[in-house]
Number of protein chains: 2
Amino acid sequence: MMNAANREIPDYIEGYGLVSHYAGAFANIGKKNKRSEVNIEKSACLNEDKICQGIEEVLDRLPLRNGMTVSFHHHLRNGDYVTNMVMLAIAKRGFKDIHLAASGLFACHDPLADLIEDETITQISTNTFSPGAITKAISTGKMKKPVILRSHGGRARAVENGELHIDIAFIAAPSSDRMGNLNGSCGEAACGCLSYAYEDAKHADYVVAVTDNLVSYPNIPVEISQNYVDYVVKVESIGDPAGIVSGATKVTTDPVQLHVAQRIADLIDACGFIKEDMSFQTGAGGISLAVAEKIRDKMEKKKIQGSFGSGGIHSFFVKMLEDNLLKALWNVQCFDLEAVNHLKKQDPRHLIMSASLYGNMENKGCIVNNLDIMILGGFEIDTSFNLNVNTGSNGFILNASGGNEDCAAGSKISIVASNLMKKGNRCIVKKEVVTVTTPGETVDCLVTDRGIAVNPRRKDLLEKLEGTGLPLVSAQELYQMGQDEGAVCESPVYGEKIVGVVEYRDGTVIDVIRQVIQ
Amino acid sequence: MMNAANREIPDYIEGYGLVSHYAGAFANIGKKNKRSEVNIEKSACLNEDKICQGIEEVLDRLPLRNGMTVSFHHHLRNGDYVTNMVMLAIAKRGFKDIHLAASGLFACHDPLADLIEDETITQISTNTFSPGAITKAISTGKMKKPVILRSHGGRARAVENGELHIDIAFIAAPSSDRMGNLNGSCGEAACGCLSYAYEDAKHADYVVAVTDNLVSYPNIPVEISQNYVDYVVKVESIGDPAGIVSGATKVTTDPVQLHVAQRIADLIDACGFIKEDMSFQTGAGGISLAVAEKIRDKMEKKKIQGSFGSGGIHSFFVKMLEDNLLKALWNVQCFDLEAVNHLKKQDPRHLIMSASLYGNMENKGCIVNNLDIMILGGFEIDTSFNLNVNTGSNGFILNASGGNEDCAAGSKISIVASNLMKKGNRCIVKKEVVTVTTPGETVDCLVTDRGIAVNPRRKDLLEKLEGTGLPLVSAQELYQMGQDEGAVCESPVYGEKIVGVVEYRDGTVIDVIRQVIQ
C-alpha cells in the first residue's frame, strides 16, 4: 500500500515478514507500549568463573546455533576488532544463517562481506553504516534477507520491546573486572562510553564482555554492571581507538560552507532559539562544527549559558562545557579522543545516556524531546522536505539512519545544512528522494548557499523570519536552481528484490531499498 | 507440607495464594529465570508537561483503582513524609484494598495503621520494618491479607520477574528536574541514593517522582533517568533526613560487646579472610561498628587494602575508603549523614548499586556473591543455625528480612554477633526459632561472649580454627548455658490466621507468621 510518506510498500517482505506501515511521524507517540519479557538463560552460581581465555573458549561455553542473532556495539567505530574476531570464529565453526545485529558497521568490517556470500550471515540490522564491501554486497542483492536500517532510538526500542531479540550480545569492553563490570573510558582501547550496548546487555539471553584490559575488582566506573554479564573474555586487543575519529573533525575552511554556517546561526537566532538554557546537537563534520562555532559566538555575545549539548560528543562540545557555555553534555558516543579523555576525567556534568534514553520514542521521555536545535546531515532532500540519509542517488546503500529521525522528530527546530550543489554537479534537492529516511513532517529548514527553505508546515518560524532579511526561498525554487545549473540526474536500474527495509523510529516501514542492477 | 527448613507450611495461603515451598538455600540458583514484561502505559508525547502542583493534581491524572499496588522506597527511613502523604490522600478519595509495596516502613508511618483498620490497605509487602503501630496491627490479625516479608534482593527479584507487579511507584526524590531526572544526593532532604526505587522505576506501570527540590534541567547526577518517570510532583517537603539515622551509630563502649567484636576479628583472621582485596559488610549498630573497627586494626597492621565495603553505607566505611583501606564502596542506602554527604561529593569509588545488583539471586551475579565477610544481626538463632530476624520471642513481627538472607547466602563467611544473654534474661540461642528467616545452611558462625559456635557444615572453617585457642563451643552448648542461667522462655498463644508470609530470597515460602492472641 501507499504509506504516509507516499511510498508504495508491500504488506509482506520476504525475509523480513509482515509490514507495519508508516502512518506519520507522530502516529504512534503517546500510546501504550510493551517492553520485552527477558529470559535470564542462567542465573549466576556462587563462585562461578566468568573468565574465558579467548574467543574459542567462550564459543565452547555458549549455546551457538544456526539462525541465531548476535549483537555488537560500534563505539570503537572504524577501529573495532571484536566484530570480525567473533564472526570469523563463528563462521569457522560452520554456523549459518546468522543475523548480525550490529549497532554500527564500518570499513574495518569489510572482511565480513565474505560471510554474506557464503550465507554465514543472512541478515544484518544496523543503525550506522559506512559504505564499503558490505553495503555493496547488500545493494547488489548478495544477502539472503534484507538489511534492516534503523535509527539509534529505533534500535533501542526494538531491543527493549522484543522486536529485535538478541541471543548473544558481544560487548567490546575497554575495561572489565572478572565479574563483568564494564566501562568504555579506561584502557588502551578506551572509546568513551558503551551506550549502544546498554539495551543489549539488559535484554540479550547471553552477554559476553570481550576485553583486553582486565582490572582488579571492582572496575570503576561501572557502566554496565556484573548482573548483566555471563562471560568475560580476555583477548589481546579489542581495537584501535584511532579509528574512532572518521572524516573531518575540524571546522571547515571552505568559504561557502562557512557562509552556510553563518546563515544557520542567524536563522536560529532570528527564530528565538539563542536563549538561556538552549540545547543543541550537531555532528562532527566540518560544516556542523562551523555551525557550532557560530552558535557559540552568539551565545558568548548574549552572555547566556545553554542547557546541554547531546548525541555524539566531540571536542567542540567538551570545550563549551569546560567554558561553562553548556551546563551538561548528554553523551551517547564519543566522536573523538578529546571526548574520550574528558569522559575519563569523570566530570559529573558529562552525562552518559543509553540509546533508549537518547532517542527511543516508546519510553516516558527521551532526550531528543528536550532538544531545541538539531543540525541534520543527509544525502538528498526533496521538495516535501523528506530526507534521505540511507542511499546515494545511484541507489546504493551508504548509511543507516543514525540519530537523524530521532532528533528531527524531537527537536524544536531541525535544520539541514548543505551546499546546494555537491560534488559531481549533484544537487541536494530532488523532486523525489531515492529513499525516505526522515519524513518531511519533521524536517524544518534547509539552509544552502543559495537560500533558506523553511518547511511551509512551520508557519511559526516563517512568521518570525519575516523582515529579517534572511534569503528565504522555497524548496521548489532551490530544486529549480539545481536544474538550471544542469544538476546530474542519475537513473539507477533496480531489480525486484528488496535488499533493505528502512524502519522509522517507531518500527513501521517508511521505505524499502531495492537491488541495484547497474 | 514440611519444607526444607523444617517448617510446616500449607500449600495455599488465603490472601497470598499458592505456595512455592522453600527447598534449600541454593535450590534455585543457576536456573533459567524470567524478567517481567513491562508495559509502558503511555509513552511520552512531545512537549508534555510532567509537572504536577501537589499530590491531588497527580492523583487526578493517575488511573487510581481499588485493589491497586502502590510502591515507595525507604531511603529517608524514619524521616519519610511521602508515604503517609500519598496514602492518606488515596484513602481520602475512598479507594480500598490497596497493596502497599513499600521497601521499608518505620515508626513515622504509624498513622497508616488506621488505614489497615478501615481496609484502605489490605496488604503490605516490605523488606524493612520497624516495630510500631503497623507491625502490631498485623501481628494481632487486623490486616485482611498477610504481610509479605522479603529480603532486599528478594524484593528486587519479585519486581523484576513480575511476581510483585507495581501499578504506581511513588518515588521520594530529594532532587528532580522537570523531566524527572532524579537523584538522592542533592537538596534539603538528601538521603544519599535511591537504589531501592530503581527496579520500581523500571517496572511500574506509572512512575511518580515526588520532590521538594525542583532544579534546572538536567538534574546532575542522574540516578533515575527521565525515560522512566511519568510525573513530577512538587511538594513542600519530602522528609527530614535527620530520621535516616536510627539507633546507635557509634562504636559500642560496652566491654562485653567489645570483647565479642575482638573475637570476631580474631576468628575472621584465623580463617584467613584478612587478606588483600578482602570485602566485608556490617550494619551501623554499636557492635557491628566495633567489629568493623577491629577488622580495620588488623588490615592496618597487615598493611593491606580491601576490595570493597557494601550494603548500607555509614561513616565508618566512608573513612576506610578515604584512608585507602578499601578500593570502593557499593552503596545500596546511606545509614548516616556522613555517607550522604560523601555520596554528594561524587567520589568515583563510592558506587551506587540497585537492589537487584546488590542481592537478587536471579541475575548474572549480584554483589553479595562477591562478599567475603558478613556480620549478621538477628533476634534469635537455633541450634541448627537458623536465624530469626522477623519476630520477637513473643511472636510479634519486629522486622522484615533486609539484606540478611542475601548476604548470608552470598558471603564466604557469615557471622552472627551477639551477647549470649540479652535484655530481660533472654538467650539468643533457642531450640527452635519462632520464625526462620535465614536458613542455617547459610549461617556459618555465632560469636558470643560465652564462646564461638561454628556451623558443623563448615568443616573447612573448623579445620582452620583448630589450635588457634579461640573458645569453640557447639550451638547446643550455648543453648544449655542459656538454660542454666534461667533464660526466659516465652510461649505466645497463636491463632490460626496466617498474618505474615516469609519469602526466602528466591520467592519460595520459608516460614509463615501466625496471629498472636496473647
Considering residues of the range A:360-380 that are facing another protein chain (nearest Cβ under 10 Å) and in contact with a Cys (Cβ under 6 Å, 6 or more places away or on another chain) only, the residue surrounded by the fewest Cβ atoms within 10 Å (Cβ to Cβ): A:Val368
Conditions (1) closer than 30 Å to B:Asp347 by Cα; (2) within 14 Å of chain B (Cβ to nearest Cβ): number failed by A:Ala339: (2)
Pairs where the first residue, in the range B:339-355, is at positive phi and the second is at pLDDT below 95, C-beta under 9 Å, 6+ apart: B:Gln346/A:Gln346
Failed criterion for B:Glu199 (all others in (1) in contact with a His (Cβ under 8 Å, 6 or more places away or on another chain); (2) outside any loop (DSSP other than H, G, I, E, B); (3) within 14 Å of another protein chain (Cβ to nearest Cβ); (4) not hydroxyl-bearing (Ser, Thr, Tyr) hold): (1)
Criterion violated by B:Asn33 - all others in (1) open to solvent by less than 30 Å² (accessible area, probe 1.4 Å); (2) more than 14 Å from every other protein chain (Cβ to nearest Cβ) satisfied: (2)
Considering residues of the range B:461-490 that are out of contact with any Phe, Trp or Tyr (no Cβ under 9 Å at 6 or more places or on another chain) and small (Gly, Ala, Ser) only, the residue least open to solvent (accessible area, probe 1.4 Å): B:Gly482
Contacts under 7 angstrom Cβ, first residue in the range A:383-395 being within 19 Å of A:His152 (Cα to Cα), partner open to solvent by 10 Å² or more (accessible area, probe 1.4 Å) and of a type in the set (Val, Ile, Thr), 6 or more apart: A:Asn388/A:Val434; A:Thr391/A:Val434
The lone exception for A:Ala44 - which of (1) open to solvent by less than 50 Å² (accessible area, probe 1.4 Å); (2) closer than 30 Å to B:Ser411 by Cβ; (3) more than 7 Å from chain B (Cβ to nearest Cβ) it fails: (3)
Scan of the range B:376-403 for residues that are outside any loop (DSSP other than H, G, I, E, B) and in contact with a Gly (Cβ under 7 Å, 6 or more places away or on another chain), ordered by number: B:Leu387, B:Asn388, B:Ile397
Some residue of the range B:321-328 being touching a residue at least 60 places away in the same chain (Cβ under 8 Å) and surrounded by 21 or more Cβ atoms within 10 Å (Cβ to Cβ): no
Flag for B:Thr140 being at pLDDT 95 or above, touching an Asp or Glu at 6+ places or on another chain (Cβ under 9 Å) and β-branched (Val, Ile, Thr): no
Subset of the range B:410-425 that is surrounded by fewer than 21 Cβ atoms within 10 Å (Cβ to Cβ) and in a helix (DSSP H, G or I) - its residue that is nearest to the other protein chains (Cβ to nearest Cβ): B:Lys423
Those residues of the range B:1-29 which are on the phi < 0 side of the Ramachandran plot and among the small types (Gly, Ala, Ser), in sequence order: B:Ala4, B:Ala5, B:Ser20, B:Ala23, B:Ala25, B:Ala27
Sole exception among (1) touching an Asp or Glu at 6+ places or on another chain (Cβ under 7 Å); (2) surrounded by 16 or more Cβ atoms within 10 Å (Cβ to Cβ) for B:Glu293, by number: (1)
Among (1) open to solvent by 40 Å² or more (accessible area, probe 1.4 Å); (2) within 14 Å of chain B (Cβ to nearest Cβ); (3) out of contact with any Leu (no Cβ under 9 Å at 6 or more places or on another chain), the one test that A:Gln305 misses: (3)
Residues satisfying the stated conditions in the range A:166-195, i.e. in a loop (DSSP other than H, G, I, E, B) and either open to solvent by less than 10 Å² (accessible area, probe 1.4 Å) or at pLDDT below 95 (or both): A:Ile166, A:Pro174, A:Asp177, A:Gly180, A:Asn181, A:Gly184, A:Ser185, A:Ala189, A:Cys191, A:Gly192, A:Cys193, A:Leu194
The one condition in (1) among the hydrophobic types (A, V, I, L, M, F, W, C); (2) more than 28 Å from B:Ala44 (Cα to Cα); (3) assigned to a loop (DSSP other than H, G, I, E, B) that A:Val436 fails to fulfil: (2)
Pick from the range A:208-241, criterion small (Gly, Ala, Ser) and within 14 Å of another protein chain (Cβ to nearest Cβ), ranking: surrounded by the fewest Cβ atoms within 10 Å (Cβ to Cβ): A:Ser216
The range A:270-282, residues that are closer than 18 Å to A:Leu461 by Cβ and surrounded by fewer than 19 Cβ atoms within 10 Å (Cβ to Cβ): A:Ala270, A:Gly272, A:Lys275
Any hit, the range B:494-502, residues being closer than 30 Å to B:Ile124 by Cβ, surrounded by fewer than 19 Cβ atoms within 10 Å (Cβ to Cβ) and of a type in the set (Phe, Trp, Tyr): yes
Complete set of residues in the range B:108-165 that are surrounded by 22 or more Cβ atoms within 10 Å (Cβ to Cβ), free of Cβ contacts under 8 Å to residues at least 40 places away in the same chain and in contact with a Gly (Cβ under 8 Å, 6 or more places away or on another chain): B:His109
Failed item, numbered, when B:Ser130 is tested on (1) out of contact with any Pro (no Cβ under 9 Å at 6 or more places or on another chain); (2) modelled with pLDDT of 95 or more: (2)
Test: residue in the range A:187-195 that is within 14 Å of another protein chain (Cβ to nearest Cβ), in contact (Cβ under 8 Å) with a residue 40 or more places away in the chain and touching a helix residue (DSSP H, G or I) at 6+ places or on another chain (Cβ under 7 Å): yes
Matching residues in the range A:48-62 - criterion: being modelled with pLDDT under 95 and more than 8 Å from every other protein chain (Cβ to nearest Cβ): A:Asp49
B:Tyr12 being more than 14 Å from chain A (Cβ to nearest Cβ), free of Cβ contacts under 8 Å to residues at least 24 places away in the same chain and aromatic (Phe, Trp, Tyr): yes
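The values are calculated or read from the model by the stated rules, or taken from the named source; none is laboratory data. Note that the structure is predicted; figures quoted are calculated from it, not measured. Cβ atoms come from the backbone with ideal geometry, glycine included; neighbour counts cover every protein chain shown. Side chains are part of the model used for accessible areas, which takes the heavy atoms of the whole protein and leaves out ligands, DNA and RNA. Shrake-Rupley method; radii C 1.70, N 1.55, O 1.52, S 1.80 Å.
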